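This report concerns only the one structure given below.
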Amino acid sequence: MPSTARHRRFDLIAFDWDGTLFDSTAIIVRCIQQAVQDVGGAMPSEEAASYVIGMALTQALAHAAPDVPPEKYPELGHRYRYHYVQRQNDLSLFAGVLPLLDDLRARGHWLTVATGKSRRGLDEALHSVQLKGLFHGSRTADETAGKPHPLMLQELMAEFDVAPERVLMVGDTTHDLQMAQNAGCASVGVGYGAHSTEAFAALGPLFVADSVPALHAWLLQQA
């Protein structure tokens, strides 16, 4: 860590991916709905489908489709991935995310990703030229544990030898904020993603940003 960054409040900032950095909430909701219907389940509401974003895939689909029997979970996951692949070229970073990340990296923060995506899915997203080399580390649900279990953050803290009080988690769901709380870390919520911010207060985020510019401004001033 550069000496110029030692006075910063947080050394490591962990970002959720979908709904926080990546504008994918609406498409993920539709893919969940279609996958459930494909295997004979009742189509979940938009609220129910958006609630599970951020969880590990199998956990998320099972929660969104309580009428689908466990033996159909592999097929359900396959159908979700099928629909997602058909739409992945329509996905993009939220406007303003790259300048935000560039500014934080220039100040010496370690930038990481803690996501419910699979390792394969995250690596495909990070393959973009504009994102290569931007993050210092990442953890996914399929290689650790699904949110709100704290293992993703615990492994990142161990990798970079950072104490919990020097770590900030940024996410758009209660799963993200609960994971931070479980790991003993601070959090910031964003209100432009999958979850309503009404439930955020109980989880004690330092700030709730209603836009990427608002998040950018707060992080530069307070992180």
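Laboratory data are not the source of any read-out in this text; all were calculated from the coordinates shown. In this text the structure is predicted, and so the values were computed from the model without any measurement. In this analysis, Cβ positions are derived from the backbone assuming ideal geometry, glycine residues included, and neighbour counts consider all displayed protein chains.
For the chain, set up a Gaussian network in which alpha carbons nearer than 10 Å are linked by springs, and say which option among ALA64, ALA56, ALA125 fluctuates the most. For the chain, modelled as a Gaussian network with Cα springs under 10 Å, the answer is ALA125. In summary, the lysines within cross-link reach of LYS132, defined as a Cα separation below 30 angstrom excluding same-chain residues under 8 places away, comprise LYS117, LYS147. Checking (1) -0.63, -1.08, -1.19; (2) -0.51, -0.94, -1.06; (3) -0.52, -1.03, -1.20 against log10 I(q)/I(0) by the Debye sum over Cα atoms at q = 0.11, 0.15, 0.16 Å⁻¹ calculated from these atoms, the matching label is (2).
When each of the peptides 170-181, 16-27 is scored by how many other beta carbons lie within 10 Å of its residues on average, the order from highest to lowest is 170-181, 16-27.
Here the Gaussian network model covers the chain, with springs between Cα atoms less than 10 Å apart; of VAL212, VAL167, VAL39, VAL39 fluctuates the most. Peptides 69-78, 42-51, ordered by how many other C-beta atoms sit within 10 Å of their residues on average, highest first, read 42-51, 69-78. Helical runs (DSSP H, four residues minimum) scored at -39500 (n - 2.57) apiece and divided by the length of the chain put the mean residue ellipticity at 222 nm at -12000 deg cm²/dmol. Here LYS72 is the anchor, and the aspartates and glutamates within straight C-alpha reach of less than 14 Å, apart from those fewer than 8 places off in the same chain, are ASP38.
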